[in-house]
Amino acid sequence: MHSILFVCTANQCRSPMAEGLLRLRVGIDNPDWQIASAGTWANDGTPASRNSVLVLKELGYDLETHRSRSINKELVDSHRLVLVMERGHKEAMRIEFPQAAGRIFLLSEMIDKVFDIDDPVGSPLADYQATAREIDLILEQGFERIDQLSR
C-alpha cells in the first residue's frame, strides 16, 4: 500500500489541494493509496479556504468536508512519504521528527528541483488556480518517484 502525507502551514490551501489532486490522479477511492494532509501551524477543524474548494471543484474533487489538522508524531509515523511545500517546513519537521527525517521531502524534490510552493492564502482565485496547476504538474512529472517512495 502507498502512504503519503502532504504538509503545508495551515492545512487549508496547498496540502489539501495536493491531497485532492493526488486522489484524482490515482483514483479517488483507490484502496491502495493512503493519502492525507496536515499543517505545521494548523488550527484543528478549520475548513479548506473557499478558493481552494472552488479550484478543486473545477477539477472534479470535493474539498467541502476537509478540516485542517495539526501535524503530530502519529501522523508522520503512519505515512511512508511526507511531502512539504516549503524549505522551512522541511527543516522544522526534520528537527521535530528526526525518526522520519529520511522520509520528509519538498514536493519539488520529486522532480529533482528545490523550490517552495507559494502559499496563495488571501490571494485572488487565479493564484489558487496557478498553485493547483503547479502542484498537479509536479505530481504528474514526479509520479514515478512518488510511487516508489510511498510504498
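Under the condition of being farther than 15 Å from GLN12 by Cβ, out of contact with any Ser or Thr (no Cβ under 6 Å at 6 or more places or on another chain) and not hydrophobic (A, V, I, L, M, F, W, C), the residues counted in the range 62-95 number 11.
Which ones in the range 98-145 are under 13 Å from VAL82 (Cβ atoms) and either touching an Asp or Glu at 6+ places or on another chain (Cβ under 8 Å) or of a type in the set (D, E, K, R) (or both)? Matches in the range 98-145: GLN99, ALA100, ARG103, LEU106, GLU109.
Scanning the range 122-151 for residues that are of a type in the set (Gly, Ala, Ser), touching a helix residue (DSSP H, G or I) at 6+ places or on another chain (Cβ under 9 Å) and touching a residue at least 60 places away in the same chain (Cβ under 8 Å) yields SER123, ALA132. Within the range 104-121, residues that are more than 13 Å from ILE135 (Cα to Cα) and without any contact (Cβ under 8 Å) to a residue 60 or more places away in the chain reach partners that are crowded, with 17+ Cβ neighbours inside 10 Å and of a type in the set (A, V, I, L, M, F, W, C) with beta carbons closer than 7 Å, at six or more positions or on different chains, in the pairs ILE104/VAL82; ILE104/VAL84; ILE104/MET93; PHE105/LEU83; VAL114/LEU106. Can you report the number of residues in the range 79-92 which are more than 10 Å from PHE105 (Cα to Cα) and in contact with a helix residue (DSSP H, G or I) (Cβ under 8 Å, 6 or more places away or on another chain)? Summing the residues that are more than 10 Å from PHE105 (Cα to Cα) and in contact with a helix residue (DSSP H, G or I) (Cβ under 8 Å, 6 or more places away or on another chain) in the range 79-92 gives 2. Residue check: is ILE28 hydrophobic (A, V, I, L, M, F, W, C) and either at positive phi or modelled with pLDDT under 95 (or both)? Yes.
Within the span defined as the range 2-12, one or more residues are within 22 Å of GLU134 (Cβ to Cβ), among the aromatic types (Phe, Trp, Tyr) and not in a helix (DSSP H, G or I).
The values are calculated or read from the model by the stated rules, or taken from the named source; none is laboratory data. This one's a predicted model, so the numbers in the text were calculated from it and none came from an experiment. Cβ atoms come from the backbone with ideal geometry, glycine included; neighbour counts cover every protein chain shown.
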